[in-house]
Amino acid sequence: MTDMRHWEDALDPRAARASVAVRDTDEPPCPYRTAFQRDRDRILHTKAFRRLKHKTQVFVTPEGDHYRTRLTHTLEVSALARTVARALRLNEDLVEAIAMGHDLGHAPFGHAGEHALDDALRDGWGRGFHHNQQSVRVVEIIEKDGQGLNLTREVRDGILHHTGPGTPSTLEGQIVRLVDRIAYVNHDIEDAISAGVITADDLPQSEVAVLGATTSARLTRLVGDIVDSSRDSERILQSREIGNAFLRLREFMFTRVYLAPPASVESSLARGVVQQLFHFFMEHPEHLPGSREGDIVRRVTDHVAGMTDRYALREFRLRFMPQEGPL
């Protein structure tokens, strides 16, 4: 049996150690993989991970084969996070596992679907929906036919806190939290330009001057800044200049892309699809798949949140539109 602890000898003292990672249910160690490598592999083999290829990133059901999906976003986050972790001698396996699992709970149609579910749950039952919390629920409860994956607490903590008010307990989780935003802003710029929503000349020139004129240049600058700013820190940081320029670029994307036509128009339609499906299954639970979950609201939420875009549209047509055929 190979001792996995020797892999940790080269890590920075600040890095998380797989040898002391904790699972809710104890398991014998794997002779060939660290605990975080096992978590990554478990996530990669889930149904929820495979469904990400048919879930919206920013443009709802775009025509063309080259727009990002939730799956390609996940892979880009993982690659960037590993680069930062390696440069800082932090745990690459942990950042990869967190990155691979961070969006497993995302609803169909991206943030439009997330907001639709959140509104439906708040209006009717005083609950809410956040994809980071749903991602944890996927790995803890839903996958493996309700058994969950028994992931380490470090991975689950990073998934939970990749967005929202909390801060990840590990530096590796903090890397994923920051790199997630860097990845989606930059690849969404590419997709928005490809879709003709904006042009490269529309980008704010003061921010372009600081961060770079191309995706490659911006990512190089942003990643290098994180490494330089975090090398001797107990937190993962950006410099003031780069961080502020990036925030302004992100604000530009919200104003010109995320909250503007055509994305906003399609998002509004997608919200209607998600909310009508939610209410349909609440009224007709006999159409839900089998589940160990006894809470009907939770069952419906799990079912709708797990849908891909195309499955949600297919269900919507089945439940709410006349079917073609002989009269």
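The values are calculated or read from the model by the stated rules, or taken from the named source; none is laboratory data. None of the values given here were measured: they were computed from a predicted structure. Cβ atoms come from the backbone with ideal geometry, glycine included; neighbour counts cover every protein chain shown.
Does L80 satisfy the condition of being crowded, with 22+ Cβ neighbours inside 10 Å, outside any loop (DSSP other than H, G, I, E, B), at pLDDT 95 or above and in contact with a Gly (Cβ under 8 Å, 6 or more places away or on another chain)? Criteria not met by L80. In this structure, L94 does not satisfy being hydrophobic (A, V, I, L, M, F, W, C), farther than 30 Å from V304 by Cα and in a helix (DSSP H, G or I).
Taking L104, is it crowded, with 19+ Cβ neighbours inside 10 Å, among the aliphatic types (A, V, I, L, M) and more than 27 Å from N150 (Cβ to Cβ)? First the steps, then the outcome.
Details: crowded, with 19+ Cβ neighbours inside 10 Å: yes; among the aliphatic types (A, V, I, L, M): yes; more than 27 Å from N150 (Cβ to Cβ): no.
Here the answer is no, as L104 does not meet what is asked.
Would the stretch 316-325 turn up any residue that is in contact (Cβ under 8 Å) with a residue 12 or more places away in the chain and under 30 Å from Q147 (Cα atoms)? Within the stretch 316-325 (the criterion being in contact (Cβ under 8 Å) with a residue 12 or more places away in the chain and under 30 Å from Q147 (Cα atoms)), the answer is yes, since at least one residue qualifies. Inspection of the stretch 232-240 finds a residue satisfying the criterion of being within 28 Å of I193 (Cβ to Cβ) and crowded, with 18+ Cβ neighbours inside 10 Å.
Report, by residue number, each residue of the stretch 199-209 that is part of a helix (DSSP H, G or I) and crowded, with 17+ Cβ neighbours inside 10 Å.
Narrowing the stretch 199-209 to residues part of a helix (DSSP H, G or I): 200-202, 205-209.
Correct list: E207, V208.
Is it the case that G294 is under 21 Å from R51 (Cα atoms) and free of Cβ contacts under 8 Å to residues at least 12 places away in the same chain? Considered against the rule, which asks whether it is under 21 Å from R51 (Cα atoms) and free of Cβ contacts under 8 Å to residues at least 12 places away in the same chain, G294 comes out as no. The single condition from (1) among the aliphatic types (A, V, I, L, M); (2) more than 30 Å from S169 (Cβ to Cβ); (3) surrounded by fewer than 19 Cβ atoms within 10 Å (Cβ to Cβ); (4) at pLDDT 95 or above that L247 fails is (2).
Within the stretch 219-248, no residue satisfies the criterion of being within 15 Å of A183 (Cβ to Cβ), assigned to a loop (DSSP other than H, G, I, E, B) and among the hydroxyl-bearing types (S, T, Y). Quickly run through the stretch 107-152 and pick out the residues that are surrounded by fewer than 16 Cβ atoms within 10 Å (Cβ to Cβ), farther than 30 Å from A260 by Cα and either in contact with a Leu (Cβ under 8 Å, 6 or more places away or on another chain) or of a type outside the set (D, E) (or both). Hits for the stretch 107-152 are W125, K144, G146, Q147.
Do we have D157 as at pLDDT 95 or above, of a type in the set (D, E), crowded, with 18+ Cβ neighbours inside 10 Å and assigned to a helix (DSSP H, G or I) here?
Numbers: at pLDDT 95 or above: yes; of a type in the set (D, E): yes; crowded, with 18+ Cβ neighbours inside 10 Å: yes; assigned to a helix (DSSP H, G or I): yes.
Yes, satisfied.
Which numbered condition in (1) of a type in the set (D, E, K, R); (2) at pLDDT 95 or above; (3) not in a loop (DSSP other than H, G, I, E, B) is the only one that D12 fails? D12 satisfies all of (1) of a type in the set (D, E, K, R); (2) at pLDDT 95 or above; (3) not in a loop (DSSP other than H, G, I, E, B) except (3). Name the residue, out of T69, T25, that is more than 21 Å from I236 (Cβ to Cβ), among the polar types (S, T, N, Q) and more than 17 Å from the chain's Cα centre (by Cα). Going through T69, T25 in turn, the sole match is T25.
If you scan the stretch 298-327, which residues turn out to be more than 20 Å from H111 (Cα to Cα) and either among the aliphatic types (A, V, I, L, M) or surrounded by fewer than 18 Cβ atoms within 10 Å (Cβ to Cβ) (or both)?
Filtering the stretch 298-327 down to residues more than 20 Å from H111 (Cα to Cα) leaves 299, 317-327.
The answer is R317, L318, R319, F320, M321, P322, Q323, E324, G325, P326, L327.
Checking F254, F281, F246 one by one, the residue that is out of contact with any helix residue (DSSP H, G or I) (no Cβ under 8 Å at 6 or more places or on another chain) and of a type in the set (F, W, Y) is F254 and no other.
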